[in-house]
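Encoded as structure tokens, the structure appears first; notes follow it.
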Amino acid sequence: MNILVINCGSSSLKFQLINAENEKLIAKGLCERIGIEGSMISYTPDGGEKESREVPMENHTDAIRLVLEALTNEKTGVVKSLSEISAVGHRIVHGGEKFAQATIIDEEVLAAITECNDLAPLHNPANLIGINACKELMPETPMVAVFDTAFHQTMPDKAYMYGLPYEYYEKYKVRRYGFHGTSHAYVSKKAAEVLGKNYEDLKIIVCHLGNGASVSAVKNGQCVDTSMGLTPLEGLIMGTRSGDIDPAIIEFIAHKENKSIDEIMTVLNKKSGVLGLSDNLSSDFRDIEAGYIKGDEKAVLAMETFAYRVAKYIGSYTAAMNGVDVICFTAGVGENGPLVRRIICDNYLGYLGITLDEELNNKRGLDIAITTPDSKTTVMVIPTNEELAIARETYALVH
Ligand code: AMP
């Protein structure tokens, strides 16, 4: 059974076609600049050449039409007809409190996702456009919504409530939700599988360190805390997002710089994080790492502040779970940054009895433990695969 996985942003659309039985990737690609001049589609059949071309796309329906044409193309396509695509799995960023797991999309689910638009105004409307575009072109194909927030719905109220007037929770559902849930679930389960241990017996901390970054505490197979909050702005220092700050800074800077709340939010989301800390050197960790190695002061500051914040979250989640068995690193930086992992483990995690194996820490692309066998806590690198996780959840609901 082939599952098409769609991850729709406001002007982009990533897709993968996955064989759900053997979990092999069949084809993948990306539509960019949808609705903007210079729209591009790139498409790679597994084992084949990547092809990219500029082609006008007025909207997401145009983009999905091109994706389906590419997949069924006589020469470079991977399926003969759309009937060979059995279901579509959509990544949905915010499911609010309504969705604790993936669900088959019907009119009621669409209405409930729309109700969450206020909580994720940049993401959910784009996700909905993707669903509607697919429904238009493949009306008979079942669709499944897989939520970024769902895995974190097991958090207890003491972890998800803010110290704010209770009425804001009652009236507007202001609380912590957490994101990257599909990744945290996939990585924590995979870690248990690789170690040959029972998922339900472990205390796992997952550090998803990408351009967006979050940490989660997974105790006995359930998420008990995570670092992102009402929105993905809370928690770690990220590529361009500030993560945790004193909320009074917003008023302070607004007065000093004569900025509106919207302008300050743009600063916090797009101009802060390692980009801001490094005085605009880069939001890309490859540049920060290169600068750190050269001894560039601002790169050193950005790297050390980033690593310190991750280590503090690991410490607080160790307390939240009263211990930790496994710490996993994943996503762009977590998977590819041996230096970041070394700074975090060597400088701050000695109290957990962690000893890194330098050779294993320098390997890439493998699901492995990077600590020595006598290390009291196991540190692992587990490459995340959100698309496969979405395909699995979709398959589970439709077959
Ligand atoms: P993601 O959001 O998971 O795609 O991760 C993007 C981040 O991963 C960017 O900051 C990249 O710089 C970072 N990244 C990718 N490759 C490497 C690498 N080889 N070393 C360090 N960081 C990397």
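What follows is calculated from the coordinates using simple rules that are stated; it is not laboratory data. These numbers come from a predicted model, not from an experiment. All Cβ positions, even for glycine, are placed from backbone atoms using ideal geometry, and neighbour counts span all protein chains on display.
Pairs to check: K158/K203; K75/K135; K98/K173; K189/K376. Give those whose C-alpha atoms are more than 22 Å from each other in this structure.
Distance filter (> 22 Å) returns K75/K135.
Shape of the chain from its Cα gyration tensor (a ≥ b ≥ c, root eigenvalues): rounded if a/c is under 1.5, otherwise prolate when a/b > b/c, or oblate? It is rounded, given that a/c, with a ≥ b ≥ c, falls under 1.5. A P(r) calculated from all alpha carbon pairs of the stretch 208-282, with 5 Å bins opening at zero, reads 4, 15, 22, 22, 16, 9, 6, 3, 1, 0 percent. Overall size of the stretch 344-399 from C-alpha positions, given as principal axis extents largest first: 46, 22, 19 Å. The alpha carbon centroids of the stretch 1-44 and the stretch 142-216 are separated by 25 Å. With the highest mean first, a sort of the peptides 20-29, 256-265 on other beta-carbon atoms found within 10 angstrom per residue produces 20-29, 256-265. On a 0 to 90° scale, report how tilted helix 124-137 is relative to the longest principal axis of the chain, with both axes built from alpha carbons and the result rounded to the nearest 10. On a 0 to 90 degree scale, this one is about 20. Put the Cα centre of the stretch 374-399 next to the Cα centre of the stretch 56-135 and the gap is 22 Å. Taking Cα atoms only, the orientation of helix 60-72 departs from the longest principal axis of the chain by about 70 degrees. Taking a ≥ b ≥ c as the square roots of the Cα gyration tensor eigenvalues, with a/c under 1.5 meaning rounded and otherwise prolate when a/b beats b/c, else oblate, which class fits the stretch 303-383? Oblate, because a/c is 1.5 or more while a/b does not exceed b/c. With the simple model of a label 7 Å out from the Cα in the direction of the Cβ, S10 to Y351 spans 4.2 nm.
Taking a quarter of the surface of the Cα convex hull of the stretch 241-399 gives a mean projected area of 12.9 nm². Roughly speaking, what is the centre-to-centre gap between the stretch 224-255 and the stretch 283-348 when only Cα atoms are used, to the nearest Å? Here the two parts' Cα centres lie 18 Å apart. Most fluctuating residue of V267, V379, V206 in a GNM of the chain with Cα springs under 10 Å: which is it? Highest fluctuation of the listed residues: V267. Subtracting the Cα-Cα distance of K376 and N280 from their residue separation scaled by 0.36 nm leaves 30.6 nm.
Helix 338-348 and the long axis of the chain differ in direction by around 40°, with both axes built from C-alpha atoms.
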